Each structure stands twice: as C-alpha cells, then as structure tokens.
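Undergrad: Sharing a structure below in structure tokens format, with a few things to ask.
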Amino acid sequence: MKLLFVADPIESFKTYKDTTYTMMREAVRRGHTVAACEPAHLHWENGQKVRGNVREIVLTGAEDVWFTETAVRDVALAEFDAVLMRKDPPFDAEFIYATHLLEQAEREGACVVNRPGALRDHPEKLAVMEFPQFVGPTLVTRSAEDVKRFHAEHRDIVLKPLDGMGGMGIFRVGPDGLNLGSITETLNHHGATTFMVQKFLPEITAGDKRVIIIDGEPAPFVLARIPQGTEVRGNLAAGGKGVAQPITDSDRATARAIGQVLSKRGLLLIGLDIIGAKVTEINVTSPTGFREILDQTGCDVPALYIDAVEKAVKKTR
C-alpha cells in the first residue's frame with residue numbers, strides 16, 4: 001500500500017515517543033511505502049482533484065536521523081491507498097478547512113482515516129457530552145456567571161480551553177475560588193470564547209488513563225499519565241509520568257460502549273481519557289500513547305492499528 005500521513009512537520013517528531021512514527025515504522029515493516037505532508041500543503045483547484053505537495057520518505061531505522069527524503073511531488077490524494085490524518089490540535093479554522101479538503105478527496109476515492117467529517121463533528125473536548133452516563137459534572141460555556149454557579153456547587157473545579165492539547169491552558173480552582181474571575185477572563189476572552197469546566201477528580205493522582213480504541217475495540221493496555229510533584233496535569237507534555245497498565249474490566253466496558261458508537265461514524269482510532277471511572281476527553285485528531293505501551297509491555301498497538309487500516313482500505317476497493 002501507499003500511505004500518506006498528513007501531520008505536523010516530520011522534522012519535529014520525537015521518535016522515542018511519537019505515535020505517528022510508530023505507525024510509519026510498522027507500515028514500512030510490512031512493505032508499504034510512506035509519504036508525508038502538512039495540511040498547509042493540500043490544495044484544490046476547481047475541476048481538479050484535491051492534491052498535496054507530498055514528501056516521499058524512506059525510514060533509515062535510526063531514531064535520530066530517522067528518514068531520508070526521496071522526492072517531493074504534487075500528487076492527487078486519491079492516488080494513495082490510505083490517507084492518515086494525524087495533525088495535532090488546535091482544532092481551529094485551518095484544521096476544519098483541511099477536513100473539507102480531505103472530505104473532497106474521500107469523494108474522489110481516497111480512503112481517509114479518521115474520516116474527515118467525523119473529525120469535524122467530534123471536537124475532542126465537546127465529544128464527551130454525548131455520553132453523560134460516563135462523564136463527571138461538566139459545563140461548556142462562555143459565561144462567567146455560569147462558572148461561578150458551577151464552582152459554588154462543586155467547589156473544586158478544572159477549567160480548560162476547547163482547542164488545547166497536552167495540558168495547555170488547564171487551570172484548577174479550589175474551594176477558596178482564588179483567581180476564578182481572572183482565569184475565566186483568560187479562557188473566555190471576556191465573554192468571546194467558549195471553554196469547558198469540569199469537577200476536579202481526585203483520582204487523577206493514580207493517573208489520567210489513555211485508552212486506545214481501534215475500530216471500536218480497546219487495546220489490552222492503557223497508559224496512565226501520572227502527575228508529578230505539585231502538578232495536577234497528567235499529560236506527558238506537562239511532565240506527567242506514563243505507566244502502561246492492563247485495562248480494567250470497567251474501563252474496557254466504557255471504551256467498548258463509546259468505541260462501538262463512534263467507529264460506525266468513521267473514527268477508526270480514538271484516544272479515550274479516563275480519570276477514575278469518568279471519561280474526560282475523547283481524542284480523535286492524533287491520539288498518542290502507542291510507543292509507551294509498546295515499549296513497556298510489548299503489546300504491539302501499532303500493528304493493531306495498521307491491521308485496521310489495511311482492513312479499511314480493503315472495504316473501499
């Protein structure tokens with residue numbers, strides 16, 4: 001197969017932990033070829049197919065200088081067997097425009113995973129609201145008065161932007177309400193921007209569990225991102241420690257219930273975040289955690305994923 005990865009600049013990949021790199025490595029191990037581009041490299045002229053200025057790459061097997069570039073070509077996305085959308089957030093207007101171009105490529109015959117329309121319809125923070133039975137107290141608002149009311153009820157809360165990743169812009173406000181007004185103004189830009197507020201879950205001390213769901217089925221291991229020191233964020237990008245653990249029966253049931261619904265909508269890969277027994281986020285843009293689980297447990301999540309990609313391609317032929 002010929003695979004195109006639409007992602008952030010590949011020079012920025014940290015191969016010792018990068019999930020997209022593990023996907024590429026597994027694909028190449030199977031004899032597939034890989035190319036890469038950024039959303040900015042996609043273009044569409046009326047009367048023509050969606051195209052991209054793509055870099056054809058060869059993996060070296062090393063993890064420092066990990067690829068060589070063989071060619072840069074302007075090629076129709078439909079010429080690839082699969083297009084893997086792996087662009088990190090923010091989930092902004094440019095991301096949405098990219099999904100529109102990818103959706104047109106899909107109409108032209110490209111197999112795009114995750115499906116562009118499904119990406120657009122499931123913003124990572126907001127997607128949890130569809131499954132209230134699995135979610136703790138959560139508020140989406142731009143109103144400072146709503147936030148004050150929510151804090152008065154729940155006392156210990158977490159506030160975060162809707163378009164962030166890696167723990168960026170996350171604040172905790174305890175019972176004293178210290179700086180609640182200032183934090184609200186920072187996140188809602190004085191009433192102009194919608195954000196999310198959730199009840200603080202003390203189970204975070206045991207880790208923010210990343211559950212990998214592939215084609216509706218959870219992987220047998222999760223990655224618990226455990227906050228360090230005085231930090232309340234477990235995100236690895238915020239200094240959390242990643243510890244792979246066998247999935248519990250409870251988390252498996254939750255992941256399966258959500259995964260079976262969302263896989264039917266074209267979300268082949270999901271990163272479900274669970275604290276205690278509560279789902280906090282449904283990550284669909286570029287879920288991570290493959291490398292840590294593979295290295296710590298030997299569970300070959302990249303192989304499970306490429307299996308699913310191959311299956312998806314066969315369905316389109």
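Undergrad: In the set ARG55, ARG25, ARG86, ARG51, which member is touching a Pro at 6+ places or on another chain (Cβ under 8 Å) and crowded, with 16+ Cβ neighbours inside 10 Å?
TA: On inspection, the qualifying residue turns out to be ARG25.
Undergrad: Follow-up. Can you confirm whether the range 305-312 contains a residue that is farther than 24 Å from PHE91 by Cβ, among the hydrophobic types (A, V, I, L, M, F, W, C) and modelled with pLDDT of 95 or more?
TA: Taking every residue of the range 305-312 in turn, at least one turns out to be farther than 24 Å from PHE91 by Cβ, among the hydrophobic types (A, V, I, L, M, F, W, C) and modelled with pLDDT of 95 or more.
Undergrad: Moving on to the next point. Go through the range 291-300 residue by residue and tally those that are assigned to a helix (DSSP H, G or I) and either in the same structural domain as PHE13 (by TED's automatic domain parsing) or out of contact with any helix residue (DSSP H, G or I) (no Cβ under 9 Å at 6 or more places or on another chain) (or both).
TA: So the count comes out to 3.
For every residue, the table says whether it meets (1) surrounded by fewer than 16 Cβ atoms within 10 Å (Cβ to Cβ); (2) more than 24 Å from PRO89 (Cα to Cα); (3) among the charged types (D, E, K, R).
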position	(1), (2), (3)
PHE221	no, yes, no
LYS241	yes, no, yes
ILE274	no, no, no
LYS278	no, no, yes
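Undergrad: Would you confirm whether or not the range 179-196 contains a residue that is within 30 Å of THR248 (Cβ to Cβ) and crowded, with 18+ Cβ neighbours inside 10 Å?
TA: Yes, because at least one residue in the range 179-196 is within 30 Å of THR248 (Cβ to Cβ) and crowded, with 18+ Cβ neighbours inside 10 Å.
Undergrad: Kindly indicate the residue of the range 141-178 that is more than 25 Å from GLY239 (Cβ to Cβ) and of a type in the set (A, V, I, L, M, F, W, C) and also surrounded by the fewest Cβ atoms within 10 Å (Cβ to Cβ) among those meeting that condition.
TA: By that ranking, first place goes to ALA152.
Undergrad: Taking into account only those residues within the range 106-124 that are over 18 Å from ALA308 (Cα atoms) and out of contact with any Pro (no Cβ under 8 Å at 6 or more places or on another chain), which is surrounded by the most Cβ atoms within 10 Å (Cβ to Cβ)?
TA: HIS122
Undergrad: Enumerate the pairs (first residue in the range 246-272 and at negative phi; second residue anywhere and small (Gly, Ala, Ser) and surrounded by fewer than 13 Cβ atoms within 10 Å (Cβ to Cβ)) with beta-carbon separation below 9 Å, excluding pairs fewer than 6 apart on the same chain, so at least 6 apart or on different chains.
TA: From the range 246-272, no pairs qualify.
Undergrad: Identify all residues within the range 58-83 that are of a type in the set (A, V, I, L, M, F, W, C) and either closer than 16 Å to ASP8 by Cβ or surrounded by fewer than 15 Cβ atoms within 10 Å (Cβ to Cβ) (or both); write none if there are none.
TA: Scanning the range 58-83 gives VAL58, ALA62, VAL65, TRP66, PHE67, ALA71, VAL72, VAL83.
Undergrad: Continuing with the same structure: Can we say THR194 is hydroxyl-bearing (Ser, Thr, Tyr) and within 22 Å of the chain's Cα centre (by Cα)?
TA: Yes.
Undergrad: Which pairs have Cβ atoms under 9 Å, sit 6 or more apart or on different chains, and link a residue in the range 178-193 that is over 9 Å from ARG142 (Cα atoms) and in contact (Cβ under 8 Å) with a residue 12 or more places away in the chain to one that is outside any loop (DSSP other than H, G, I, E, B) and among the basic types (Lys, Arg)?
TA: From residues that are over 9 Å from ARG142 (Cα atoms) and in contact (Cβ under 8 Å) with a residue 12 or more places away in the chain, the pairs are LEU180/LYS148; GLY181/LYS148.
Residue-by-condition table, conditions (1) assigned by TED's automatic domain parsing to the domain that holds ARG149; (2) of a type in the set (Asp, Glu):
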residue	(1), (2)
ILE183	yes, no
THR186	yes, no
HIS190	yes, no
THR194	yes, no
ASP208	no, yes
VAL211	no, no
GLY216	no, no
ALA219	no, no
LEU223	no, no
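Undergrad: Oh, and also: Could you give every pair whose Cβ atoms fall below 6 Å, whose first residue belongs to the range 92-109 and is assigned to a loop (DSSP other than H, G, I, E, B), and whose second residue is at pLDDT 95 or above, counting only separations of at least 6 or pairs across chains?
TA: What qualifies is GLU108/LYS49; GLU108/ALA78; GLY109/ALA78.
Undergrad: Another question, then. Please go through (1) surrounded by 22 or more Cβ atoms within 10 Å (Cβ to Cβ); (2) out of contact with any helix residue (DSSP H, G or I) (no Cβ under 6 Å at 6 or more places or on another chain) for THR288 and return the number of the only condition it doesn't satisfy.
TA: THR288 satisfies all of (1) surrounded by 22 or more Cβ atoms within 10 Å (Cβ to Cβ); (2) out of contact with any helix residue (DSSP H, G or I) (no Cβ under 6 Å at 6 or more places or on another chain) except (2).
Undergrad: Restricting attention to the range 19-60, which residues are touching a residue at least 40 places away in the same chain (Cβ under 8 Å) and among the hydroxyl-bearing types (Ser, Thr, Tyr)?
TA: THR19, THR20, TYR21, THR22
The values are calculated or read from the model by the stated rules, or taken from the named source; none is laboratory data. The shown structure was predicted, so the numbers you read here are calculated from the model rather than taken from an experiment. Note that each Cβ is placed from the backbone with ideal geometry, even for glycine, and that neighbours are counted across all protein chains shown.
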